[in-house]
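Below is one structure; the comments refer to it alone.
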Amino acid sequence: MVWWTERGFLSLLFLIGVVGLFGAVVTGVAGDAAFEQQPWLWGIAWLLAAAANWIGGARLNRSPINPLRGKVRDRLTYRARNRFLSFPMEVWSAPAALLGAVLIIQGLV
C-alpha cells in the first residue's frame with residue numbers, strides 16, 4: 001500500500017498543523033483553561049483544518065475548489081497527482097469537517 005504520492009503527505013500536515021496552530025493561538029490568547037471551559041473550540045479547529053486541506057489539496061491537484069461541482073464519486077476517484085492513503089488530498093477534508101461538527105455539537109450539549 002502506498003501511503004502517499006507526490007505531495008500527498010501535506011494533507012496530514014495541513015490537518016494536524018492547523019489544529020495544532022489553532023490550539024497554540026487559543027491557549028496563548030485565552031489561557032490554558034480555554035479548551036476545558038469551551039470544548040467546542042476543538043470543533044472550530046477541525047473545521048478550519050478541513051477548509052485549509054480542501055483549498056490546499058484542490059490547488060495542488062488542480063481541481064475545482066467548489067465541492068458541489070460535479071458528482072461526488074468523481075471527486076473520490078479521479079486520478080489526482082497528490083494522494084494520501086490512495087485518495088486525493090482534498091477528500092480527507094470531509095472526515096475532518098464531520099469530526100469538527102461532532103465536536104462542536106458535543107461541546108455545546
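Every read-out reported here was derived from the displayed coordinates using simple, explicitly stated rules and does not represent laboratory data. Because the structure is a prediction, the values reported are computed rather than measured. Heads up, the Cβs are rebuilt from the backbone with ideal geometry, glycines too, and the neighbour counts pull from every protein chain shown.
Summary table below
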quantity	calculated
Rg(Cα) / (2.2 N^0.38 Å) computed for the chain, rounded to two decimals	1.16
Cleavage-rule hits, trypsin sites (Lys or Arg not before Pro), segment 76-109, DSSP coil, Cβ neighbours within 10 Å at most 14	R79, R81
Structure-based [θ]222 nm, the chain - -39500 (n - 2.57) summed over DSSP H runs of at least 4, per residue, nearest 500	-20000 deg cm²/dmol
